[in-house]
Amino acid sequence: MVKDLSLTRFENNLKVARIDTLFTTKKVVFGCESITKISEEVKEYNPKKIFLVTDKNLLNIGLVDSILKPLEKEKIDITLHEVVSEPSVESVSKAVEEVRKNKCDLVIGFGGGSSLDTAKTAAIMAKNNDTIEKYLARLPNPFEDKFKEKGLPLILVPTTAGTGSENSAGAVIIDGQYKTWIASRFLYPDVAIVDPLLTVSVPAKTTASCAMDALSHAVEAFMVVALSNPWCDSFALEAIKLISKYLRKAYHNGNDLEARWYLCWAAHLGGWTAQFTWGPATVGHLTAEAIGPKYGIPHGLICGIALPYAMKFNLPAIPDRLKMIAVAMGENVGELSEHEAAKKGIQSIIRLMEDVDLPLSLKEVNIPRVDLHDLAEYIVKERQYLYDIPRLSPRKFTSENIQGLLEDMWHGRYEI
């Protein structure tokens with residue numbers, strides 16, 4: 001008979017000593033033509049008035065009709081809300097005001113990450129008091145779940161393969177010049193409908209930048225060793241493998257439905273993986289979210305630029321992990337040393353970005369080099385604490401190594 005069920009009699013090990021609690025999207029409807037299930041899913045909640053969040057482009061090309069027409073047949077009142085790209089405190093506050101004023105009882109997000117994050121924010125704020133500022137991530141406890149009530153029933157329908165927001169517990173919001181977030185287990189949607197057919201019309205450049213966001217979620221999550229676990233490791237490596245294999249195909253032939261299908265699946269895995277292991281706790285997303293809003297660079301594009309440099313930065317601390325990334329991307333590491341095999345992973349990312357015509361430096365997207373010093377100081381003295389870098393990053397930050405990283409990113413010095 002086992003008498004002692006405590007860990008005190010065992011040698012300490014972070015992974016086995018930690019208790020992991022898994023939250024995820026309540027229901028996922030995945031596959032081609034799955035959008036035809038929208039009425040069926042909506043009826044489960046018997047809504048009287050729906051708050052539908054989408055963007056102007058999807059309205060103009062008629063893609064939103066795939067939701068509007070079935071719901072109009074059900075004679076459900078719909079309040080339509082158009083989002084702006086890269087939601088801010090101001091823009092999401094307008095959505096919150098509108099959903100409250102119209103007394104909606106179900107929220108649907110249809111579109112890319114901006115639409116989905118705005119929908120998530122509107123849904124949860126409809127049932128929680130005060131303004132959005134109260135719930136934003138703030139020091140000293142940026143990961144505190146400040147929400148007391150679950151929001152309105154929420155259905156999310158991504159039309160890009162990128163953020164994986166339909167499978168995450170966060171929503172990203174610009175506050176001033178920088179990105180922050182709200183986070184809560186209540187932000188997981190009740191239903192996610194992921195239909196690869198909805199992504200076929202996405203332009204090649206957008207396909208590439210969105211996929212780099214998904215890839216950065218997976219790679220960066222895999223680098224957060226402090227929170228790694230078998231779920232996240234397997235999902236991250238699968239997402240990396242699929243994006244490496246299918247992004248080029250989708251970029252050069254948007255009608256390649258198999259490629260679109262697997263990119264959607266990879267993004268879905270990446271969204272959950274990055275959320276669970278706190279993937280942004282590496283220098284990649286942290287730097288991208290400090291640079292992107294300030295200079296007006298799309299999120300996926302700047303995350304892609306930052307990714308190989310984040311890997312280079314962390315290579316001395318986790319060569320074994322970067323070697324596994326190289327293998328997932330199809331590299332033959334053979335009898336290479338661990339360090340040389342790890343370099344293959346970075347080189348594979350670079351080749352992928354080159355093959356889909358993405359920039360590889362801050363200089364190419366017109367970031368002023370003169371701003372790098374102040375940016376490095378902001379990252380080291382303030383922003384790293386918002387992301388819990390001292391506890392979670394594989395490699396510790398200093399003014400010198402972050403300044404060096406940004407200089408490498410500006411010049412395009414990704415070689416090791």
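Every read-out reported here was derived from the displayed coordinates using simple, explicitly stated rules and does not represent laboratory data. Everything numeric here is computed off the predicted structure, so don't read it as measured data. Heads up, the Cβs are rebuilt from the backbone with ideal geometry, glycines too, and the neighbour counts pull from every protein chain shown.
Charges at C-beta only: +1 for Lys and Arg, -1 for Asp and Glu. How large is the resulting dipole of the chain about its Cα centre, in Debye rounded to 20?
So the dipole magnitude of the chain works out to roughly 700 debye.
Restrict the search to the stretch 337-416; then list the GluC sites (Glu not before Pro) that DSSP places in a loop and that have at most 14 other Cβ atoms within 10 Å of their Cβ.
Filter output for the stretch 337-416: Glu415.
Applying a 10 Å radius around every beta-carbon, put 77-85, 302-310 in order of their mean neighbour count, most first.
Answer by packing, highest mean first, reads 302-310, 77-85.
Return the calculated 222 nm mean residue ellipticity for the chain, to the nearest 500 deg cm²/dmol, obtained by summing -39500 (n - 2.57) across DSSP H runs with n ≥ 4 and dividing by the residue count.
-14500 deg cm²/dmol
Sort 244-252, 216-224 for me by packing, meaning the mean count of neighbouring Cβ atoms within 10 Å per residue, highest on top.
Result, highest mean first: 216-224, 244-252.
Can you check what the Kirkwood hydrodynamic radius comes to for the stretch 204-411, Cα pairs only, in Å to one decimal?
Kirkwood hydrodynamic radius for the stretch 204-411: 16.8 Å.
Which of the listed residues, Ile35, Thr163, Gly304, is farthest toward the dipole's positive end in the chain, when Lys, Arg count +1 and Asp, Glu count -1 at the beta-carbon?
Ile35
Along each principal axis of its Cα atoms, how long is the stretch 27-199 end to end? Whole angstroms, biggest number first, please.
Over the stretch 27-199, Cα extents along the principal axes are 47, 30, 28 Å.
Beyond 20 Å, what share of the Cα-Cα pairs of the stretch 267-369 is found? Please give it as a whole percent.
In whole percent, the long-distance tail amounts to 43.
Quick one: what does P(r) look like for the chain with 20 Å bins over all Cα pairs, in whole %?
28, 57, 15, 0
Looking at the stretch 71-179, which trypsin sites (Lys or Arg not before Pro) are DSSP coil and have at most 12 other C-beta atoms within 10 Å of their C-beta?
Lys75, Lys103, Lys148
To the nearest Å, what is the center-to-center distance of the stretch 90-154 and the stretch 161-188, using C-alpha atoms only?
10
What residues have an amide H closer than 5 Å to that of Ile174, excluding those fewer than 5 places away on the same chain, when H is modeled at 1.01 Å from N in the peptide plane?
It is Ser88, Val89, Thr180, by chain and number.
Could you derive backbone 3J(HN,Hα) for the stretch 40-46 from the dihedral phi with the Karplus parameters 6.51, -1.76 and 1.60 (θ = phi - 60°), listing whole Hz in sequence and x where the residue is Gly or Pro?
Rounded to whole hertz, the list is 4, 5, 5, 4, 4, 10, 6.
Once amide H atoms are built 1.01 Å from N in the peptide plane, which residues 5 or more positions from Thr163, or in another chain, come under 5 Å H to H?
The list, which skips near neighbours in sequence, is Gly113.
How large is Rg/Rh for the stretch 124-270, to two decimals, with Cα atoms and a Kirkwood Rh?
1.00
Arranged from highest to lowest average of other beta-carbon atoms within 10 Å per residue, in what order do the peptides 199-208, 390-399 appear?
Put in order of decreasing packing, that is 199-208, 390-399.
Who wins for biggest fluctuation among Val194, Val28, Val53 in a Gaussian network model of the chain, springs between alpha carbons below 10 Å?
In this elastic network of the chain, the residue with the biggest mean-square fluctuation among Val194, Val28, Val53 is Val28.
What FRET efficiency would be calculated for the residue pair Glu40, Ile61, taking the C-beta separation as r and a Förster radius of 25 Å, to the nearest 0.05?
Computed FRET efficiency for Glu40 and Ile61 comes out at 0.50.
Suppose R0 equals 56 Å; then what is the FRET efficiency for Thr21 and Val370 from their Cβ-Cβ distance, rounded to the nearest 0.05?
The computed FRET efficiency comes out at 0.80.
Work out from phi, with θ = phi - 60° and the Karplus expression 6.51 cos²θ - 1.76 cosθ + 1.60, the ³J(HN,Hα) of each residue of the stretch 386-394, listed in order in whole Hz, and give x for Gly and Pro.
Once θ is set to phi - 60°, the couplings for the stretch 386-394 become 5, 8, 6, 4, x, 8, 10, 5, x Hz.
How large is the dipole of the stretch 204-411 about the Cα centre if only Lys and Arg carry +1 and Asp and Glu carry -1, each at its Cβ, rounded to the nearest 20 debye?
Here the size comes out at about 140 debye.
Measure up Lys27/Lys148; Lys26/Lys127; Lys43/Lys69; Lys294/Lys343; Lys94/Lys146 against 24 Å on the Cα-Cα distance and list the ones that go over.
Lys294/Lys343
Between the helical axis of 319-328 and the dominant principal axis of the chain, each derived from Cα atoms, what acute angle in degrees is found, rounded to the nearest 10?
Here the helix axis deviates by roughly 50 degrees.
Mind grabbing the base-10 log of I(q)/I(0) for the stretch 325-416 at q = 0.10, 0.18 Å⁻¹? Debye formula, identical points on the C-alpha positions, no solvent, two decimal places.
-0.36, -1.00
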